[in-house]
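Here's the structure we're looking at; comments come further down.
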Amino acid sequence: MQLSAVDLHIMLVEPSDVQRKIIKKKLAEENVTQIIEATNLQQAKLLITQQKPDAIACALHFSDGTGEQLLQYLKANRETADIPFMLVSSESRKNHLEAFKQSGVVAILPKPFDVMQLGRALNAAVDLLSPAELELTLFDVHDVRVLIVDDSRLARNHIKRVLMNLGMQHLTEAEDGKQAIAILQQQMFDLVVTDYNMPEVNGQELTEFIREHSTLSHIPVLMVTSEANDTHLSNIAQSGVNALCDKPFEPQAVKQLLYKLLDH
């Protein structure tokens, strides 16, 4: 049976009574009513051990720490590492949000958020919890060979999880562009999913290497980036990338891009 947003048990971690009421009201409008509340990190950790939620919606600042610390705590524990995590914050500075983008959160919701943004975040959580295979006409999805390139282990884990949920089984990892080039010279792939910002050889340089080598030049490249600068994105696109995808790596968006890349 396919899961839907209505079925979700959500933990809301938010220090402000007013904000909790507002967020609960918005969730109720989406028919999400199974909500446990916590006002700080200590309380959240205790409640998680008593009943593991399906997803967590969490603020950024608390009296006893930050949302990033809670996220790190969850990712470090095998029992909780796979809980979809949504940040709800009025913070818009890129450097303050980068750690969340790199850690594989399912969504970053602004305060205040609208119904469309909430709907997308809930759908992203549902997609992670309720796998639905990609149905391709040109490939058997189980045979698609993917190289995942990202210098963040957490980001690679999140990308792997999204792709495995879509039915992909042959996933190889590289920690940066330099390692990816060494692997590409040894093995064949049907798709490369790469981060942009990496030490030594970045995603753009990796893509240029792929396009310049006749045995690799046909491989579609999906670039995942947290960059929002238009000039920068246009430079990336000119390097031969087939598709650009934002961090957070959202299952529905990825699904649509993969149809375009693999089924055209």
Checklist entry - Of the residues E98, E173, E91, E133, which is in contact with a Ser or Thr (Cβ under 7 Å, 6 or more places away or on another chain) and of a type in the set (D, E, K, R)? => result E98
Checklist entry - Where residues in the stretch 209-261 are farther than 26 Å from A121 by Cβ, in a helix (DSSP H, G or I) and at pLDDT 85 or above, which of them is least open to solvent (accessible area, probe 1.4 Å)? => result I210
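Rundown of residues vs (1) farther than 23 Å from G119 by Cα; (2) over 24 Å from the mean Cα position of the chain (by Cα); (3) of a type in the set (D, E), yes/no style:
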site	(1), (2), (3)
R20	no, yes, no
Q43	yes, yes, no
I56	no, no, no
L60	no, no, no
Q69	yes, no, no
Item to check | Condition broken by V88, with the remaining ones in (1) within 13 Å of the chain's Cα centre (by Cα); (2) open to solvent by less than 10 Å² (accessible area, probe 1.4 Å); (3) of a type in the set (V, I, T) satisfied | outcome: (1)
Checklist outcome for this item: Over the stretch 41-62, the set of residues farther than 16 Å from S89 by Cβ, without any contact (Cβ under 8 Å) to a residue 40 or more places away in the chain and surrounded by 13 or more Cβ atoms within 10 Å (Cβ to Cβ) is Q42, Q43, K45, L47, I48, K52
Checklist entry - Scanning for something of a type in the set (A, V, I, L, M, F, W, C), buried (at least 17 other Cβ atoms within 10 Å of the Cβ) and farther than 22 Å from L74 by Cβ, does the stretch 112-134 turn up at least one residue? => result yes
Checklist outcome for this item: Note on the stretch 1-34: residues open to solvent by less than 50 Å² (accessible area, probe 1.4 Å), within 15 Å of K111 (Cβ to Cβ), touching a residue at least 40 places away in the same chain (Cβ under 8 Å) and not in a loop (DSSP other than H, G, I, E, B) are L12, V13, I23, L27
Item to check | Enumeration of residues in the stretch 138-159 that are surrounded by fewer than 18 Cβ atoms within 10 Å (Cβ to Cβ), part of a loop (DSSP other than H, G, I, E, B) and of a type in the set (D, E) | outcome: D140
Next on the checklist: So for the stretch 66-74 (the condition being assigned to a helix (DSSP H, G or I), modelled with pLDDT under 95 and buried (at least 19 other Cβ atoms within 10 Å of the Cβ)), does at least one residue qualify?
Outcome noted: no
Checklist entry - Only one of (1) more than 28 Å from N197 (Cα to Cα); (2) at pLDDT 95 or above fails for Q51. Which number is that? => result (2)
Checklist outcome for this item: Those residues of the stretch 91-111 which are under 22 Å from S16 (Cβ atoms) and open to solvent by 50 Å² or more (accessible area, probe 1.4 Å) amount to S92, R93, H96, K111
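The rows are residues; the columns are (1) part of a strand (DSSP E or B); (2) out of contact with any Asp or Glu (no Cβ under 9 Å at 6 or more places or on another chain).
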{"site": "L97", "(1), (2)": "no, no"}
{"site": "L109", "(1), (2)": "yes, yes"}
{"site": "P112", "(1), (2)": "no, yes"}
{"site": "Q117", "(1), (2)": "no, yes"}
{"site": "L136", "(1), (2)": "no, no"}
{"site": "T172", "(1), (2)": "yes, yes"}
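The values are calculated or read from the model by the stated rules, or taken from the named source; none is laboratory data. Quantities reported herein were computed from a predicted structural model and do not represent experimental measurements. Positions of Cβ are generated from backbone atoms using ideal geometry, with glycine treated the same way; all protein chains shown enter the neighbour counts. In case anyone asks, the SASA skips ligands and DNA or RNA and just uses the protein heavy atoms, side chains included. Shrake-Rupley method; radii C 1.70, N 1.55, O 1.52, S 1.80 Å.
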